[in-house]
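Working notes, structure below.
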Amino acid sequence: MKKIALEEHFLSPAFVEEFKKGMRSLPDEAMQNILTRLQDFGEQRLAAMDSAGIEMAFLSLTSPGVQIEPDTARAVKLAQETNDFLAAEVQKQPARYGGLAHLALQDPKAAADELERCVRQLGFRGAMINSHTNGHYLDEEQYFPFWERVQDLGVPVYLHPANSYQKLQILEGHDELLGATWSWTVETATHALRLVFGGTFERFPNVKLILGHMGETLPYVLWRIDSRSRLAGLPKGLTKLPSQYIKDNIVITTTGVCANESLQCALAALGEDNVLFSVDYPLEESKEAGDWIERAPLNEAVREKVCYRNAERVLGL
């Protein structure tokens with residue numbers, strides 16, 4: 001069955017050294033393998049896609065990107081250069097690659113303008129944002145003009161993990177819990193809940209957010225979030241329970257979670273229209289993900305939705 005993948009990463013030359021710093025715990029051989037695959041847009045990446053039956057991959061700059069850049073002007077410039085770099089690579093393989101814009105939220109208006117340029121001129125189908133921008137989260141009032149533009153353009157925003165702005169005390173002495181193992185899930189799920197409880201989806205009801213990694217645990221705690229919200233009282237301005245905003249405004253990908261139990265729970269919690277296939281290449285293996293979704297205990301109509309039909313709808317293909 002054909003597949004569309006939405007969280008497939010690349011690395012442009014400007015970000016290589018910063019990426020190395022964030023991955024220095026890896027053995028040298030593993031680091032070099034990932035670096036090579038991140039920077040390849042040719043035979044190696046296409047072979048990995050073919051091994052999984054991925055017809056089209058939507059590429060995004062790997063974390064952390066410009067979100068940690070302290071100089072606003074430099075962040076804006078780097079984001080534009082990154083998007084031009086990606087657009088040039090997509091043009092070489094337009095039937096196989098699509099793009100998700102990289103945005104400098106240090107300047108919300110510039111980010112909105114860059115998103116519009118990427119959508120209208122470069123043909124990108126949305127954006128990926130690597131969590132907070134120097135400790136600022138996307139529910140803050142300064143980002144209202146950005147979300148208004150997102151809604152007007154009708155494209156999704158993929159919220160991708162990154163390290164917390166400050167290391168959580170509970171993680172002290174346990175660096176093995178940092179990153180993809182656990183801390184990124186805490187960071188990203190909390191960021192998404194800020195958007196829910198902060199009223200972003202109430203204010204911009206047509207915005208669509210994408211969460212990877214089977215929803216960063218949110219599909220599995222909807223009942224409890226609603227229950228405690230009823231007890232404490234919903235924030236002023238919210239007209240629905242938190243779970244309803246999540247179901248209405250958030251879709252998730254299977255990125256990095258090849259587990260039948262998680263998939264079945266996500267489908268039951270969010271509905272078969274809100275779960276999309278992805279890999280997280282090259283940090284995960286395309287063939288493993290492709291083989292898993294082919295064998296997952298789904299009827300073929302649902303498998304089609306997860307593998308490609310939901311992505312076609314969300315991305316407007």
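The values are calculated or read from the model by the stated rules, or taken from the named source; none is laboratory data. Because the structure is a prediction, the values reported are computed rather than measured. For neighbour counting, all protein chains shown are included, and Cβ atoms are generated from backbone atoms with ideal geometry for every residue, glycine included. Just so you know, the surface numbers come from the protein's heavy atoms only, side chains and all, with ligands and any DNA or RNA stripped out. Shrake-Rupley method; radii C 1.70, N 1.55, O 1.52, S 1.80 Å.
Just a few scattered comments:
- Between residue 223 and residue 244, residue separation times 0.36 nm minus the direct Cα-Cα distance comes to 6.5 nm.
- Cleavage-rule hits (GluC sites (Glu not before Pro)) in segment 135-197: DSSP loop, at most 14 neighbouring Cβ within 10 angstrom: 172
- Pairwise centroid distance, computed over Cα atoms, of segment 6-20 with segment 289-317, Å: 27 Å
- P(r) tail for segment 139-197: Cα pairs beyond 12 Å make up 72% of the total.
- The helix-based estimate of mean residue ellipticity at 222 nm for the chain, built from -39,500 (n - 2.57) per DSSP H run of four or more residues and divided by its residue count, is -13000 deg cm²/dmol to the nearest 500.
- Using alpha carbons only: equivalent-ellipsoid semi-axes of segment 31-150, gyration tensor based, whole Å: 27, 16, 12
- In order through segment 86-95: 3J(HN,Hα) via Karplus (6.51 cos²θ - 1.76 cosθ + 1.60), integer Hz, x for Gly, Pro: 5, 4, 5, 6, 4, 5, 6, 9, x, 7
- Excluding the site residues themselves, the longest part of the chain lacking any trypsin sites (Lys or Arg not before Pro) in a DSSP loop with at most 12 other Cβ atoms within 10 Å is 25-166.
- Calculated from backbone phi, Karplus (6.51, -1.76, 1.60) coupling profile of segment 170-178 in Hz, x at Gly/Pro: 5, 8, 4, x, 9, 5, 5, 8, 6
- Alpha-carbon centroids, segment 110-165 and segment 223-272: separation in whole Å: 22 Å
- Prolate/oblate/rounded call for segment 1-67, Cα gyration tensor, a/c under 1.5 rounded: prolate
- Relative contact order (%) - the chain, alpha-carbon pairs under 8 angstrom, separation at least six: 19 percent
- Amide proton proximity set for residue 250, modelled H, under 5 Å, gap of 5+: 209
- Counting only lysines at least 8 places from residue 167 when in the same chain, those with an alpha carbon closer than 20 Å to its own are 20, 21.
- Approximate shape of segment 193-244 as ellipsoid semi-axes (Cα gyration tensor, √5λ), whole Å, largest first: 18, 16, 7
- The convex hull defined by the C-alpha atoms of the chain has an orientation-averaged projected area of 15.6 nm².
- Hz values of 3J(HN,Hα) by residue in segment 142-153 - Karplus curve (6.51, -1.76, 1.60), Gly and Pro given as x: 4, 9, 4, x, 5, 5, 4, 5, 4, 5, 5, 6
- Residues whose placed amide H lies under 5 Å from that of residue 61, excluding near-sequence neighbours: 10
- A 1.4 Å probe run over the chain, with the rest of the protein chains in place, finds 44 Å² accessible per residue.
- Counting only lysines at least 8 places from residue 2 when in the same chain, those with an alpha carbon closer than 26 Å to its own are 92, 208, 247, 287, 305.
- Counted over all Cα-Cα pairs of segment 117-263, pairs farther apart than 28 Å make up 20 percent.
- With both residues required to sit in segment 90-226, DSSP beta bridges show an antiparallel share near 10%.
- Taking a ≥ b ≥ c as the square roots of the eigenvalues of the Cα gyration tensor, an a/c ratio of 1.5 or more together with a/b larger than b/c marks segment 226-294 as prolate.
- Proximity of backbone amide H atoms, modeled 1.01 Å from N, is registered between residue 158 and 127, 128, 129, 210 at under 5 Å, excluding neighbours fewer than 5 places apart on the same chain.
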